[in-house]
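This report concerns only the one structure given below.
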Amino acid sequence: MTEPKPAAGHPEPSDLPDLPVTFRPMVTRIVLMTIGAAVFTVLTAVAILLPAGGAVSWTLGDRLTFSGVGLIVWAVMALLSRPRATAGPDGVTVVNLTTTRHLAWPEILRVTLRPGDPWVTLDLADGTVQAVMAIQPGVARRRALADARALRALAAAFGTPDAAQRPSR
């Protein structure tokens, strides 16, 4: 597959990140996975330490339920840490919580991250908007702004010729 060439007036290849590039909120991912592991560990320790005899007797099923709840919490944390966006020569693959969508560069008209937005959005040629939860300014604002600029530059370089002329909101 040949690498798309930037159009005239678009960013030079030296200004663009090397492809493929993956955008992912690493701090958020680390925090979520750590919380999930800690909850699972604590609930499993509680399950092990529950008394077997006495006024209230905890059965094996009760103990497994404690650990199971910890495992479910960890799975939810893993789901919340799933978002990523991978930009390659043929377009962008956006992975959000439960969906994955591949977009060719010409489909992306604008990359937007306005003050107060929870994440980047892509305005698409079909009139819809695609959320990119992988670039979120909540925890690492500078990183999110740099990632949004990089994605915007890639969309301008490899997208439709008029994408760079459209104003960002």
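What follows is calculated from the coordinates using simple rules that are stated; it is not laboratory data. It should be emphasised that the depicted structure is a prediction, and the values quoted were computed from it without experimental measurement. Every residue, glycine among them, receives a Cβ derived from its backbone with ideal geometry; neighbour counts consider all protein chains shown.
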Revision key, fill the gap. Here the stretch 117-133 yields Karplus 3J(HN,Hα) values (6.51, -1.76, 1.60; θ = phi - 60°; whole Hz; Gly and Pro given as x) of 5, x, 6, 5, 10, 10, 7, 9, 4, 7, x, 9, 10, 10, 6, 10, 5
Practice item. Please list the radius of gyration and Dmax for the stretch 79-136, considering alpha-carbon atoms only, with Å as the unit. Key: 11.0, 30
Review point. Tell me, how many Å apart are the Cα centres for the stretch 86-117 and for the stretch 27-71?
Key: 38 Å
**Study point:** Modelled FRET efficiency - R0 30 Å, V69 with I30, Cβ distances, 0.05 increments
**Key:** 0.85
Study note, to complete from the structure: Taking Cα pairs closer than 8 Å and at least 6 residues apart, the relative contact order of the chain in percent is 25 percent
Practice item. Between A38 and D90, take the C-beta separation as r, use R0 = 35 Å, and let me know the FRET efficiency to the nearest 0.05. Key: 0.30
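Most exposed first by the Cβ proxy, i.e. fewest other Cβ within 10 Å, how do I35, I48, I108 rank? Intermediate results must be reported in sequence, preceding the final value.
Working: I35 15, I48 10, I108 24.
Going from least to most buried by this count: I48, I35, I108.
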Review point. How big is D, in µm² s⁻¹, for the chain by Stokes-Einstein at 20 °C and 1.002 mPa s if Rh is the Kirkwood radius over C-alpha pairs?
Key: 117 µm²/s
Revision key, fill the gap. Distance in nm between V46 and T59 label points, each 7 Å along Cα→Cβ, equals 2.0 nm
**Study point:** Cβ-Cβ FRET estimate between R142 and D18, R0 fixed at 22 Å, reported to 0.05
**Key:** 0.60
